[in-house]
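One structure below.
The values are calculated or read from the model by the stated rules, or taken from the named source; none is laboratory data. From a predicted model like this one, the values you see are computed outputs, not experimental measurements. When we count neighbours, we look across all protein chains shown, and the Cβ atoms used for this are built from the backbone with ideal geometry, even at glycine. Protein only, heavy atoms only, side chains kept; ligands, DNA and RNA dropped before computing areas. Shrake-Rupley method; radii C 1.70, N 1.55, O 1.52, S 1.80 Å.
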Amino acid sequence: TSSSVGFLPFTTQVAGHLGQMTTTEDGSLLIKTALPREVAFYEALQHDKALEQLRVFTPQFLGTLRLEGQVDPAQADSTAGIIVQPLEGEAPGTVKDMSFLPRRLLNWVLIVSLQSIVLENLTYPFLKPNILDVKLGTILYDDTASPEKKARMERAAKETTSGVTGIRLTGFQVYDNITSQPVHTLKQYGKALKPHQLGEGIAKFFPLGQEIEESSPAAAPVTGADDVEMASPSTVQSFGLPLELLTPMLQGIREDIALIREVMESVEVRMVAASLLIIYEADWDRAEEALTRYFTEEDNEESEEEEDEDDDDESKPKKIGPPFVVKLIDFAHSIVTPGKGPDPGVLLGLETLVKLLDDRLKEVAP
Ligand code: ADP
Ligand code: MN
C-alpha cells in the first residue's frame, strides 16, 4: 500500500528549477533533487576539515535520500505525483515522523529514482521572509559543460552583470505591508540590469518603508513584478522596513557577507553558479524583536554565560527566528579544489555585494 504523505511542493522559491524541490508538511525541511556534484559537495562540507569554517554559512545538511520506484505517469513532472510508500512493517508516515530525518526517511521508498539531499529550510523561522537569490561568480559553466553550454554561459556572463561584477540578481520576493503578500521579481529583471543599475536592484530588495497614515486610502494591491517599478507613491510606502529597522538589518547582513568573503578567501573551492541566499524578516514587529535580540546577545555574550545556571527549558520564551540569514546555496557545479587557491569570481561577487550594501546604507541614512 502507498500513501502520499509528508511532502508538498516548495513554494517560497525565488529562483532555480521548479518542481525539483519539495518540503515536509511542517515546512522545516527541503528535499532537493541533487546531482552527484552537489551531494559530494555537501558531504565534503560535513567532513572536510578545510571546509569547516564554511559550513555555518550553508544550510544544515540532514543527509541524502535515494528515491526509488516509479512516477505516476499521469503526473510525471509534478511533485504531487510523487507517492511515498512505507517499507514493510512501517506505519504510514505523519508530519511528525519527518522530524526524525534522515533516519526516519530511510524507512520510506519514493516512487521515483533520484538522488536527493535533505536541507534545512532557511525561510522556516521567518514570519514574512523577504528573499533574494544572488548568483555568484564570473564563470557560470564547469568542466562538464558541452561546448554549446560553455558558449551560452560565456555569453550569459558577458551580457549580464555577472561578467564584470561577479553577481547577478537571480530573483527575489518582497512582502507588501498592506496586502501581507510577497511580490516577486523574476530573473528577467536581474538579467536586464547593467552593472551601474545594481544599486537600484538592491534598493528594490531593501526598500525603505514608512508608517502608513490611517487616513490615507489603502493602496491598490500590487499584482506583478512589473508593477513595482511603476508603483504610485502610496504603493511604494507599502514595501520595506522603517529606517530604524532597515539600518541595523543592512548592517547585520553586510557584516555576514563580509565574514563569508573572509572565509572564502581561505578555502580552496570552485563554486560555479552557486548563490548567496539573503533572507530578512519583513514583519515590522517581528523584525524589531529579532534585531533587538540579535544585537543584545552579541553585546552581552559574557553576562549571558553568567546567567547560564538559571537556564531552564520551561522558562525559556518561545524561540523567535533570527532577523536575517545569509547563506551560500546551490552547489550543483561546485567542487573542492585543493591547491588551487580561493575562487576569484566568487570573491569579486562578495566584494561587490558588500559595496552595494554600504551604498544602500549611505543612501537610506546619509
Ligand atoms: P536550482 O539548482 O534549481 O537553482 P537552488 O538550490 O538554487 O536550486 O534553489 C532554488 C531556490 O530555492 C533558491 O533560489 C531559493 O529561493 C530556494 N532555496 C534553495 N535552498 C533553500 C534552503 N535551504 N532554504 C530555503 N530556500 C531555499
Ligand atoms: Mn540556483
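Pop out the ³J(HN,Hα) list for the stretch 348-353 in order, Karplus 6.51 cos²θ - 1.76 cosθ + 1.60 with θ = phi - 60°, rounded to Hz; leave Gly and Pro as x.
Each residue of the stretch 348-353 in turn: 4, x, 5, 5, 4, 5 Hz.
Suppose each label sits 7 Å from its Cα in the direction of the beta carbon; what would the LYS191-ALA203 distance come out to in nanometres?
Placing both labels 7 Å along Cα→Cβ, they lie 2.5 nm apart.
So what is Rg over Rh here for the stretch 149-205, counting just Cα atoms and using Kirkwood for Rh?
My calculation of the ratio gives 1.08.
Amide H neighbours of SER334 under 5 Å, at least 5 residues apart or on other chains, H built in the peptide plane: list them.
When sequence neighbours closer than 5 places are left aside, the close amide H contacts are VAL272.
If I stretch the segment between THR144 and GLU244 completely, what's the gain in nm (0.36 nm per residue apart, minus their alpha carbon distance), one decimal?
31.2 nm
Using the structure shown, list the pairs from LYS32/LYS194; LYS32/LYS340; LYS49/LYS128; LYS49/LYS158; LYS191/LYS355; LYS149/LYS340 with a Cα-Cα distance above 27 Å, or answer none.
Pairs exceeding the cut-off: LYS32/LYS194; LYS32/LYS340; LYS49/LYS128; LYS49/LYS158.
Apply the Karplus curve 6.51 cos²θ - 1.76 cosθ + 1.60, θ = phi - 60°, to the phi angles in the stretch 160-165 and return the couplings in whole Hz, x for Gly and Pro.
10, 5, 4, x, 8, 9
Where does each of 47-55, 338-346 land if you order them by average Cβ count within 10 Å, highest first?
Ranking, from highest mean packing down: 338-346, 47-55.
Can you give me the distance in nm between label points at GLU265 and THR179, each placed 7 Å from the Cα along the Cα-to-Cβ direction?
The modelled label-to-label distance comes out at 4.4 nm.
Ignoring ligands, DNA and RNA, how do ARG293, ARG270, ARG360 rank by accessible area with a 1.4 Å probe, largest first?
ARG293, ARG270, ARG360
Rounded to whole Hz and in sequence order, give me ³J(HN,Hα) for the stretch 117-126 from the Karplus expression 6.51 cos²θ - 1.76 cosθ + 1.60, θ = phi - 60°, writing x for Gly and Pro.
Once θ is set to phi - 60°, the couplings for the stretch 117-126 become 10, 10, 10, 5, 7, 5, 7, 3, x, 9 Hz.
Run the numbers for ASP48 and VAL336: contour at 0.36 nm per residue of separation, minus the present Cα-Cα distance, in nm.
Between ASP48 and VAL336, full extension yields an extra 102.7 nm.
Starting from 0.36 nm per residue, how many nanometres of slack lie between GLU25 and LYS158 once their C-alpha separation is accounted for?
Additional length available on full extension: 43.8 nm.
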